[in-house]
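Read through the structure below, which is laid out as structure tokens, and then see the notes.
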Amino acid sequence: MNATARAPRHAGVYPVVPTTFDAQGGLDLASQKRCVDFMIDAGSNGLCILANFSEQFVLSDEERAVLTRELLGHVAGRVPVIVTTTHFSTQVCIERSRQAEALGAAMVMVMPPYHGATIRVGEAAIYDFYARLSAAIGIPIMIQDAPVSGTVLTAPFLARMAAEIEHVRYFKIECAGAAAKLRELIRLGGDAIEGPWDGEEGITLLADLDAGATGAMTGGGYPDGMRGIVDAYRAGRREEAVAAYARWLPLINYENRQTGLLAAKALMHEGGIIACDAPRHPFAPLHPATRAGLLETARRLDPLVLRWARS
């Protein structure tokens with residue numbers, strides 16, 4: 001087991017909060033707040049809002065501002081909140097990040113600049129993007145290294161930014177071979193790598209923990225299950241963590257491979273936490289058979305999400 005020398009300010013399970021809509025596609029803030037209350041009660045060490053798994057790509061700028069203000073106000077310091085502020089424009093990303101910090105965000109998560117399938121920038125521009133962002137805020141930055149950006153971020157480049165850019169301290173690694181990349185990032189970056197994190201719904205969680213990950217950004221449907229894995233591992237009880245991972249892996253796999261970002265809302269709707277589990281058009285809703293498979297898999301585990309609103 002590897003470990004970073006720097007004691008992380010943020011560690012553990014920080015699930016992504018789904019965005020809840022009503023049947024007409026409008027924001028449902030009452031359901032949104034119940035969703036957050038459940039996720040905190042289920043053991044989340046912290047939360048992440050406005051991520052890709054939050055359907056951030058279907059939200060207007062005004063809706064983003066409303067959700068940032070309402071959710072940070074509703075959480076009210078109960079747990080730290082990471083706000084995703086990704087944008088191709090350096091200036092827009094800075095503005096979003098400053099607003100999030102002013103409202104109480106503990107960290108911002110930012111992908112490298114990209115747009116669509118073909119618009120990218122090179123390493124020099126990526127470095128300058130994060131350097132300017134760091135100079136504009138006073139909270140940590142998490143770089144999200146995910147295939148959706150279409151940008152290759154090598155471990156040496158990430159380690160250099162960690163060493164040279166003040167607030168670049170956390171890294172959510174979601175690319176192929178995540179464990180190997182985490183291990184190399186920790187080796188190269190040393191103390192500058194405050195938070196090497198797992199992502200992608202926890203599908204590679206055990207391997208990533210073995211590589212030195214100190215945090216996991218998962219889906220929001222079952223933080224209680226993910227805490228059982230991560231807490232045992234961080235306490236040095238690896239065999240207990242392995243057993244917990246094996247128990248929850250069918251549900252993790254179903255979310256990662258079958259339902260994607262709709263899993264958390266389907267589970268919360270089934271449990272009576274939110275009023276509607278529909279995504280926003282044109283994103284397709286779950287097929288009834290897929291939804292049934294998700295719920296069948298979840299019921300075998302008796303997660304809190306299916307009991308919380310009825311207890």
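Tabulated values for the structure
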| item | result |
| --- | --- |
| Total residues in the range 44-88, condition open to solvent by 50 Å² or more (accessible area, probe 1.4 Å) and of a type in the set (D, E, K, R) | 5 |
| Residue in the range 118-138 that is buried (at least 16 other Cβ atoms within 10 Å of the Cβ), in a strand (DSSP E or B) and modelled with pLDDT of 95 or more present | no |
| Qualifying residues in the range 198-208 (those that are aliphatic (A, V, I, L, M) and without any contact (Cβ under 8 Å) to a residue 40 or more places away in the chain) - the one surrounded by the fewest Cβ atoms within 10 Å (Cβ to Cβ) | ALA207 |
| Selection from the range 110-136 of residues that are under 22 Å from GLY199 (Cβ atoms) and of a type in the set (A, V, I, L, M, F, W, C) | VAL110, MET111, ALA117, ILE126, PHE129, LEU133 |
| All positions within the range 90-134 that are free of Cβ contacts under 8 Å to residues at least 12 places away in the same chain and of a type in the set (Gly, Ala, Ser) | ALA102, GLY116, GLY122, ALA124 |
| Candidates VAL108, VAL148, filtered to the one that is closer than 30 Å to ILE203 by Cα, modelled with pLDDT under 95 and outside any loop (DSSP other than H, G, I, E, B) | VAL148 |
| Flag if THR151 is within 30 Å of LEU306 (Cβ to Cβ), of a type in the set (Ser, Thr, Tyr) and in contact (Cβ under 8 Å) with a residue 12 or more places away in the chain | no |
| Count of the range 280-296 residues which are out of contact with any Gly (no Cβ under 8 Å at 6 or more places or on another chain), open to solvent by less than 60 Å² (accessible area, probe 1.4 Å) and of a type outside the set (A, V, I, L, M) | 3 |
| Candidate set: the range 89-117, residues that are among the aliphatic types (A, V, I, L, M) and within 25 Å of VAL152 (Cβ to Cβ); chosen: the one most open to solvent (accessible area, probe 1.4 Å) | ALA117 |
| Count of the range 153-197 residues which are under 30 Å from PRO250 (Cβ atoms), open to solvent by less than 10 Å² (accessible area, probe 1.4 Å) and touching a Lys or Arg at 6+ places or on another chain (Cβ under 8 Å) | 3 |
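Condition check ((1) at pLDDT 95 or above; (2) in contact with an Asp or Glu (Cβ under 7 Å, 6 or more places away or on another chain)) across all residues:
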| residue | (1), (2) |
| --- | --- |
| ASN2 | no, no |
| THR19 | yes, yes |
| GLY43 | yes, yes |
| GLU70 | yes, no |
| CYS93 | yes, no |
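The values are calculated or read from the model by the stated rules, or taken from the named source; none is laboratory data. All of these numbers come straight from a predicted model, not from anything done at the bench. Neighbour counts are summed over all protein chains in view; Cβ atoms, including those assigned to glycine, are modelled from backbone coordinates with ideal geometry. Just the protein is used for accessible areas: all its heavy atoms, side chains included, with ligands, DNA and RNA removed. Shrake-Rupley method; radii C 1.70, N 1.55, O 1.52, S 1.80 Å.
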